[in-house]
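The values are calculated or read from the model by the stated rules, or taken from the named source; none is laboratory data. Predicted, not measured: the structure shown is a model, and the values here were computed from it. Using ideal geometry, Cβ is built from the backbone for each residue, glycine included, and neighbour counts are taken over all protein chains shown.
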Amino acid sequence: MQNTKTEQKNIERPPIVVIMGHIDHGKSTLLDYIRKSNVVEKEAGGITQNISAYEVIHKDERGINKKITFLDTPGHEAFSQMRERGALIADIAILVVSAEDGVKSQTIETWKTIVESKIPCIVAINKIDKPGANVEKTKMELAENEIYLENYGGKIPYAEISAKVGTGIDNLLSLILLLAEMENFTGNPELEATGQVIEANLDPRRGIEASLVIKNGSLKKGMVTVVGDAACSTKIIENFLGKMINEATFSSPIRLVGFSKMPKVGAEFKSFKNKRDAEEYIKNTKIEISCEKILSSDGTNKKIIPIVIKADVSGTLEAIEKEIGKIKDEHTLFKIIQKGAGIISESDIKSVATCTDALVIGFNVKADRSAIDLAEKRGITIAYFDIIYKMTEWLTDEMSKRRLKIETAETIGKAKILKTFSRTKERQIMGGKVVEGQIALNSAIKILRRDFEIGSGKIVNLEKNKVKTSIVEEGSEFGMMIESKIEIVAGDIIESFTITKK
């Protein structure tokens, strides 16, 4: 009954849209035109380096004003994880492709992110005003990469636009509202707000602040917002223009000031009407998960080395993470368990306290005394760096030291069984002849019958001419006792082998 009541209170929610694509295909120019502000000039080099969120208003086909929230994600390779994060937060993705340059490798990589995120997509073919623009060629290139547009073998809606002069932008915004209506995005304004963190930083004057996008519910002054074990009393709520507000609801981008610690970017936030409920939630969710459980969820057979990274600013973390991802090994893998801006604290060490081979890296930051003490107690390595390539060199060396040792079986000899004698429960006496290599005492053996392996065992006694020996060479006949659960018969082949770790 409760569920029905909740559903009845659900109302239409504005779509959250992420703009994605190649670095210079016009994403920021598109947002700039839409929101009538100049991101390109404000950002160094014309490249947006932080996810930002903006609200715009556009009339739908019935002439009703509708809100759309846009996320702007960086396009260049170093910030691919930010793009993935943006896709997870958004409801609709817009893939911007230049009609002048066509499909690039980053376009395909971005498309994969969108497909994996399972969110609906619109393709915006940009720069149609350029002299070198070739819209038909771009559509063909998209199809060649399995991005099938409407009327071109698929169902993906598209708009032909010029972000610079504004051609086709109204059509694009109408497509967004039409797609949102089809997808039926809804929310309940009476619930406590939930959503995702899109930015977090330490302001020298105001303290720790974070940008959030509300996905459901409402947030009012006096409530408490929680991200993991970081909490913030909502005394200061700002909208995307930096203006103080008293309340915000779903799809709105907001900034909160005064978090107790740096919230994790990309993480979900929850809000509570009072501090007591928030504290109870934090207490109940701070259950220590064993490192084995964290690492086993990775679905890989590689040895996983857990890492915690802390840096002076969030932007540096992205670059460090990218560098760590480049360190490859056939059998070993680094996995970042925890990351964040600020000094290395005791809680950072606790996050890998149950792990073996854990590494903690501080980039332009140090560890506090309690963290150092706990790391020493648990045998966890902390390393400090201020140059990325030095960190990469050190990690490559550490991976080599901790590399998974692979056991390989090396055949040292083969013998044919000529005759069998007595047999007890798991021991058998027999005679044989070495046909290849040598047979050694105490070596492990494989038992083969008609070229098929039927079992294994161990040579526990070895005699040549009725004299005990440790090795019998090729061509010699010998007697031996084998320990095995398999009954060996005349004609079987045994392979003697050693196990080496590499």
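Among the residues of the range 433-444, not a single one is without any contact (Cβ under 8 Å) to a residue 12 or more places away in the chain and part of a strand (DSSP E or B).
Given the residues Asn188, Asn134, which is the only one that is polar (S, T, N, Q) and under 19 Å from His22 (Cα atoms)?
Numbers: Asn188 fails: under 19 Å from His22 (Cα atoms).
From the options Asn188, Asn134, the qualifying one is Asn134.
If the condition is being over 27 Å from the mean Cα position of the chain (by Cα) and not hydrophobic (A, V, I, L, M, F, W, C), then the range 361-393 contributes Asp368, Arg369, Ser370, Asp373, Glu376, Lys377. In this structure, Lys9 does satisfy being at pLDDT 75 or above and either of a type in the set (D, E, K, R) or at positive phi (or both). Being at pLDDT below 90, surrounded by 19 or more Cβ atoms within 10 Å (Cβ to Cβ) and assigned by TED's automatic domain parsing to the domain that holds Pro263 is a property that Ala200 has. Among the residues of the range 387-420, write down those that are without any contact (Cβ under 8 Å) to a residue 40 or more places away in the chain and either surrounded by 11 or more Cβ atoms within 10 Å (Cβ to Cβ) or closer than 30 Å to Val489 by Cα (or both). Across the range 387-420, the qualifying residues are Lys390, Glu393, Trp394. Being more than 21 Å from Ile499 (Cβ to Cβ), at pLDDT 90 or above and not acidic (Asp, Glu): is that true of Gly437 here? For Gly437, the condition - more than 21 Å from Ile499 (Cβ to Cβ), at pLDDT 90 or above and not acidic (Asp, Glu) - is not met. Taking the stated definitions as given, is Glu199 part of a strand (DSSP E or B), under 29 Å from the mean Cα position of the chain (by Cα) and acidic (Asp, Glu)? Here the answer is yes, as Glu199 does meet what is asked.
Being surrounded by 15 or more Cβ atoms within 10 Å (Cβ to Cβ), of a type in the set (Lys, Arg) and more than 12 Å from Ala99 (Cα to Cα) is the filter here, so list the residues in the range 129-175 that pass it. Lys164 - this is the single residue of the range 129-175 that is surrounded by 15 or more Cβ atoms within 10 Å (Cβ to Cβ), of a type in the set (Lys, Arg) and more than 12 Å from Ala99 (Cα to Cα). Can we say Lys485 is over 30 Å from Lys303 (Cβ atoms), outside any strand (DSSP E or B) and either in contact (Cβ under 8 Å) with a residue 40 or more places away in the chain or of a type in the set (Gly, Ala, Ser) (or both)? In short, yes. In the range 235-246, the condition of being among the aromatic types (Phe, Trp, Tyr) and closer than 19 Å to Ile282 by Cα is met by no residue. Based on this model, can you work out whether Glu209 counts as surrounded by 15 or more Cβ atoms within 10 Å (Cβ to Cβ), among the acidic types (Asp, Glu), on the phi < 0 side of the Ramachandran plot and in contact with a Lys or Arg (Cβ under 7 Å, 6 or more places away or on another chain)? Yes, satisfied.
Do you know which residues across the range 103-141 are part of a loop (DSSP other than H, G, I, E, B) and either small (Gly, Ala, Ser) or in contact with a Lys or Arg (Cβ under 7 Å, 6 or more places away or on another chain) (or both)?
Within the range 103-141, the subset part of a loop (DSSP other than H, G, I, E, B) is 103-104, 118-120, 127-134.
Of everything in the range 103-141, those that are part of a loop (DSSP other than H, G, I, E, B) and either small (Gly, Ala, Ser) or in contact with a Lys or Arg (Cβ under 7 Å, 6 or more places away or on another chain) (or both) turn out to be Asp129, Gly132, Ala133.
Checking each residue in the range 223-235 for being outside any strand (DSSP E or B) and in contact (Cβ under 8 Å) with a residue 24 or more places away in the chain picks out Met223, Gly228, Asp229, Thr234.
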